[in-house]
Amino acid sequence: MNRASYLKQLEADLARWSAKGWIGADGLAQIRAEIGETPSGWSRLPALFAGIGTICLALAVAAFVAANWEAIPRPAKLTGIAVLLLGAHGFAAAMASRGHRTVADLATMFATLVFVSGLALVGQIYHLPSDWAGGALLVAVGALAAAWLCASRSSLVVAAVASLAWLSWIGDPPRPTLAEVVTALVLLVACVAHVLRMTSFAGRWLVLLLFAAVYGWLFAAWLDTSYLLSSSEMEFSILPVGAAFGALLVAWGYLLSGIEAPAGDQSEDVAALAHSAGSFGVMILVGTVLLTLVIGFTETVSDEVASEMPHVWPLHLTFAVVLVGLVWQGLRAPASRPYRMLVAAAVLAIACPLVLIFLPGNTVVLAAVTLAALVAISAAGSTASLTAWSFWANFGLAAALLYLLYETVGSLLGQSVFFFVAGLLLVTVAIVSARRLRKRSVAAGEGGQ
């Protein structure tokens, strides 16, 4: 459980314990002083509005220059851009020296957006050739420089978005040169390192999206150069890739978010990124499982795909990294119920595309494994107190059931039998889980007496 969820649950528990008289007013005040006050959503609204306002100011500058393009002399355009950049960074430095980190961050973001606008304006002034990928790369490098030199979270967001844009422009077809591979990895490492240094919700999720994009880009490039199948058949290989990558994020995200480290902001940033990685991985797992189910009912996989799968070594390497994370977590907490459900969820989710590839046309088995995987993910979220996991899994379970209903409309009797069996299984699982949790609660209560 991440710190925000823990504090929210702790606050609810403190209120209940105080109402029952188990904690006095002095003890309650000491506990709250110990854990510290966390900012509420309302307290972050001014910063949010200020950030939106800063973006509007930067857009206003760009629009003003564009509207008066012919009236403003060329030297004035370049000088104005330089003055705005220096002035914004100078203001940010002054605010940072006085301890106003939020204001300094917003000023740095304004300077970064002016830099982006300046690149476009300079290109228009000197009629530079159109190179969207090169422009995106320049924006990413400039935003990363601002993020690191000025300790800016918002500039990191710009850098991640620009890196994603650069990948999209050079990724079709996915045939990168060695220089492009190194550049992509350097951008990814620089973004991840900055998020670990100064975390933010938007920064974490954009960095995870960049990680997924780089992974998929490199994997697609390998498939394009090394796979022996046609492009239509190669699409089936993307499914186990998605399942493996999602399981990788879930396993290591859950592991790193629970590792105790020395107190400090750095360990909290690592835990926050790990927690976001787990939630991002669950989204990928649920999406991959649902996509596998749909493809299994609409298309048939050729035997050549199964014969080529043993040669896809990047996929096997990903599986190995997932296994290392699961084994490490098992050694840390071998009797943990969340760990057992996590293993079941990862194994079943990975099994879905493998059933599609190695048992083509067997829709009954595919549907059963799909539902089992989604139930396991939901159960893992419940036992680990991770509501986002359960939400996405339950959403996926509802979508899977509706899709199966759509596919079985032609046979009302088969539809009735299928949902009757599925309902019995889910109710049985719920009853067994409730009884086991009740027994554990009773045993814990007796042990504490």
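The values are calculated or read from the model by the stated rules, or taken from the named source; none is laboratory data. As the structure is a prediction and not an experimental result, all values here were calculated from the model. Cβ atoms come from the backbone with ideal geometry, glycine included; neighbour counts cover every protein chain shown. Ligands, DNA and RNA are stripped out before the accessible areas are found, and what is left, the full protein with its side chains, is counted by its heavy atoms. Shrake-Rupley method; radii C 1.70, N 1.55, O 1.52, S 1.80 Å.
What helices (runs of 4 or more DSSP H) completely inside the range 125-216 contain at least 3 residues that are open to solvent by 40 Å² or more (accessible area, probe 1.4 Å), under 28 Å from residue 240 (Cα atoms) and modelled with pLDDT of 90 or more? Let's see the steps before the verdict.
Working: elements: 132-150, 153-170, 178-197.
Here the list reads 178-197.
Cβ-Cβ distance below 7 Å, separation of 6 or more or different chains: which pairs start in the range 296-314 with a residue that is open to solvent by less than 70 Å² (accessible area, probe 1.4 Å) and end on one that is at pLDDT below 80 and not in a helix (DSSP H, G or I)?
From the range 296-314, the pairs are 305/229; 308/227; 308/228; 308/229.
When you go through (1) surrounded by fewer than 19 Cβ atoms within 10 Å (Cβ to Cβ); (2) of a type outside the set (Lys, Arg); (3) part of a helix (DSSP H, G or I) one by one for residue 325, which number turns out not to apply?
Here residue 325 meets the rest and fails (1).
Of the residues 351, 333, 346, which is farther than 17 Å from residue 384 by Cβ and either touching a Ser or Thr at 6+ places or on another chain (Cβ under 8 Å) or open to solvent by less than 80 Å² (accessible area, probe 1.4 Å) (or both)? Let's see the steps before the verdict.
Numbers: 333 fails: farther than 17 Å from residue 384 by Cβ; 346 fails: farther than 17 Å from residue 384 by Cβ.
None of the others qualify; the one that does is 351.
Yes or no, residue by residue, for (1) among the hydrophobic types (A, V, I, L, M, F, W, C); (2) touching a Lys or Arg at 6+ places or on another chain (Cβ under 7 Å); (3) modelled with pLDDT under 85:
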| residue | (1), (2), (3) |
| --- | --- |
| 352 | yes, no, no |
| 355 | yes, no, no |
| 361 | no, no, yes |
| 368 | yes, no, no |
| 372 | yes, no, no |
| 375 | yes, no, no |
| 383 | no, yes, yes |
| 393 | yes, no, no |
| 402 | yes, no, yes |
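What is the one condition in (1) farther than 21 Å from residue 274 by Cβ; (2) in contact (Cβ under 8 Å) with a residue 40 or more places away in the chain that residue 203 does not satisfy?
Checking residue 203 against (1) farther than 21 Å from residue 274 by Cβ; (2) in contact (Cβ under 8 Å) with a residue 40 or more places away in the chain, the one that fails is (1).
Residues in the range 379-393: is at least one part of a helix (DSSP H, G or I), touching an Asp or Glu at 6+ places or on another chain (Cβ under 9 Å) and open to solvent by 10 Å² or more (accessible area, probe 1.4 Å)? Outline the logic, then answer.
Kept after step one, since they are part of a helix (DSSP H, G or I), are these residues of the range 379-393: 379-383, 387-393.
This time we only want the ones that are touching an Asp or Glu at 6+ places or on another chain (Cβ under 9 Å), so: none.
No, the conditions are met nowhere in the range 379-393.
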